[in-house]
Amino acid sequence: MVHKFDTLGVKCALDVCSGTVHILDDISYRMLDFFGEEGNFDLEAAKKENCADEKHMEAVAELKELKEKNQLFTKDIYKALVAHKEKKSVIKALCLHIAHDCNLRCRYCFAHGGEYMGKREIMSAEVGKKAIDFVIKESGARKNIEIDYFGGEPLMNFEVVKEITEYAKTEGEKHGKNFRFTITTNGLLLDDKKIEYINENMGNIVLSIDGRKEVHDKVRVRVDGSGSYDSVVNKFIKVAESRNQENYYVRGTFTRDNLDFSEDVMHLAELGFEQISVEPVVAQETEDYALKKEDLPRIFEEYDRLAERILEARKNGKWFNFFHYMIDLHESPCAYKMLSGCGAGHEYAAVTPSGDIYPCHQFVNDPKYKMGDVFEGVVDPEIRDVFVKSNIYTKEPCGDCWARFYCSGGCAANAISMNKDINKPYLLACEMEKKRVECAIAIKAREALDEE
Amino acid sequence: MCYNTTNTIFGVIRFKEDIVMKHVKTLNEANLAKSVENGGCGECQTSCQSACKTSCTVANQKCERKGKRGR
Ligand code: SF4
Ligand code: SF4
């Protein structure tokens, strides 16, 4: 399968199943239209459209040559890997819900003020330690284990975070496991001491900030309705600096209210942040801030604009990273990884303050998806199966989607909440994902052409 | 043997034939098929793709065995 696209003024062809990207001129771009799915050239069709003179045929010869070299029209040979992946998958990452409570009331929060439709609750060190025991046992021969401290707001229960971290380090050493920690925070409770502990112990920190003050303050509000931008922005700058502008993210969410989100990304860049992620909100269409299908052209335009602005900034010596435009065309993960993505429910699970286990943070407190608890330490094989058996070949549109090896089938939780079926991805998210991949590739192409 | 190496931007892709690429420039030497060979070690990071976390296009992750896999 070949996907061709014309983005940021460069014409590209992606050979989907090998991951090779070609930059085309107008003629070769046109001539691709006369190749079938399998890469057979249709000379008659080309003649009919007056596309068979010497120049055209020269381009055709080149495209054929690439096919010959397995760089174009390669076949999808990965389906057989699925069975192997199912057998081998073990839980190796946990999202610990340190506090089902929050000191903000962000309007778009899927956890609804941190409560997850349940009650306000914080995790005890005992539950956290049981979760560590659980993942050590479940992870089998895997050495690397990830723990993500999540909430609500995990800094509301930071002493427990520390206790769990210290326990995991000690136990990890005993069992030959390498724990990697991440914490996600809204920043209100950050102080020097906490920053120091986090920097010493955690490989990543995700800092929630939406961009421009007026955008942030409209959504990320306190219980009394006041905005939180001024209370967090300087702390976040400090965190970023103290980590040498590495191994952290400022992450924001854009909604229907700021479709000009490239302004927010640029605002964060101007504040000096070098690791930036700003993402589309996921919400039921009944919410006034939810993104809708009719917003897509505007959103695509904004992604293009953002890509141009990033290229421009980098040219002027200001480098920053936009998470969704990061793509490694040379050293991307292996095919196994690319088949099934996030691993929710079989490689990754969420643990609530009371110790219940769910496939991921988005399923928390939905009784249908309770997989077990850390005290018993077993997971329901039936629920696990639903997740482990879902991959790009079982999801309806993914098998034919050119972006499948980048996207890996999207978010299972969104598929279930929007379409009631793990195998029916949320198509609005698909459209945005595909646009971002095109932009990411086009940025690489433009940078390469500039270097020439 | 005549090798043509003029068509790439990064690295070198050698063609045994004599075709000089005038219409196409190849950007990378990707080979997803080759990555199958080591069997998927599973040591890589998990990657949430939803907006509630720092959602991740799988392709932007690093392979834990980078350098060992020969892609
Ligand atoms: S973009 Fe959508 S259709 Fe394509 S692989 Fe991702 S989830 Fe599947
Ligand atoms: S199902 Fe969605 S929200 Fe859950 S871990 Fe996967 S990508 Fe993230």
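Which members of the stretch A:407-431 meet the condition of being in contact (Cβ under 8 Å) with a residue 40 or more places away in the chain, under 25 Å from residue A:73 (Cα atoms) and within 14 Å of ligand 2 (Cβ to nearest atom)?
Residues satisfying the conditions are A:407, A:408, A:409, A:410.
Go through (1) within 19 Å of residue A:6 (Cα to Cα); (2) within 13 Å of ligand 2 (Cβ to nearest atom) and name the single condition residue A:442 misses.
(2)
Looking at the stretch A:417-425, can you tell me whether even one residue there is near ligand 1 (Cβ under 8 Å from one of its atoms) and within 23 Å of residue A:291 (Cα to Cα)?
yes
Considering only the stretch A:437-452, state which residues are within 11 Å of chain B (Cβ to nearest Cβ) and either open to solvent by 20 Å² or more (accessible area, probe 1.4 Å) or polar (S, T, N, Q) (or both).
Matches in the stretch A:437-452: A:444, A:446, A:447, A:449, A:450, A:451, A:452.
Would you call residue A:391 polar (S, T, N, Q), under 30 Å from residue A:296 (Cα atoms) and not in a helix (DSSP H, G or I)?
Yes, satisfied.
If you scan the stretch A:27-53, which residues turn out to be open to solvent by 30 Å² or more (accessible area, probe 1.4 Å), closer than 13 Å to residue B:22 by Cα and of a type outside the set (A, V, I, L, M, F, W, C)?
The answer is A:29, and nothing else.
Mind listing whichever residues of the stretch A:66-110 are surrounded by fewer than 23 Cβ atoms within 10 Å (Cβ to Cβ), of a type in the set (Gly, Ala, Ser) and more than 8 Å from chain B (Cβ to nearest Cβ)?
A:80, A:83
If you scan the stretch A:385-423, which residues turn out to be of a type in the set (D, E, K, R) and buried (at least 17 other Cβ atoms within 10 Å of the Cβ)? Please lay out each step first, then the result.
Step one: list which residues in the stretch A:385-423 are of a type in the set (D, E, K, R), which gives A:385, A:389, A:395-396, A:400, A:404, A:420-421.
Passing the criteria: A:395, A:404.
Go through the stretch A:308-323 and give me each residue that's out of contact with any Ser or Thr (no Cβ under 8 Å at 6 or more places or on another chain), open to solvent by 20 Å² or more (accessible area, probe 1.4 Å), touching a residue at least 40 places away in the same chain (Cβ under 8 Å) and part of a helix (DSSP H, G or I).
A:308, A:314, A:315
Looking only at the stretch A:349-366, which residues are at pLDDT 95 or above and open to solvent by 20 Å² or more (accessible area, probe 1.4 Å)?
Listed by number, the residues that qualify are A:354, A:356.
Examine the stretch A:385-392 for a residue that is touching a Pro at 6+ places or on another chain (Cβ under 7 Å) and charged (D, E, K, R), and state whether such a residue exists.
No; the residues of the stretch A:385-392 include none that is touching a Pro at 6+ places or on another chain (Cβ under 7 Å) and charged (D, E, K, R).
Filter the stretch A:125-156 down to residues that are of a type outside the set (A, V, I, L, M), crowded, with 24+ Cβ neighbours inside 10 Å and in contact with a helix residue (DSSP H, G or I) (Cβ under 7 Å, 6 or more places away or on another chain) and give me whichever is nearest to residue A:168 (Cα to Cα).
Per the criteria, the residue is A:128.
Return the residues of the stretch A:324-343 that are within 16 Å of ligand 2 (Cβ to nearest atom) and either open to solvent by 20 Å² or more (accessible area, probe 1.4 Å) or more than 7 Å from chain B (Cβ to nearest Cβ) (or both); say none if nothing qualifies.
Hits for the stretch A:324-343 are A:339, A:340, A:342.
The values are calculated or read from the model by the stated rules, or taken from the named source; none is laboratory data. Just so it is clear, the structure is predicted and the values come from calculations on it, not from any experiment. Cβ sites come from the backbone with ideal geometry, for glycine too, and all protein chains shown count toward neighbours. Side chains are part of the model used for accessible areas, which takes the heavy atoms of the whole protein and leaves out ligands, DNA and RNA. Shrake-Rupley method; radii C 1.70, N 1.55, O 1.52, S 1.80 Å.
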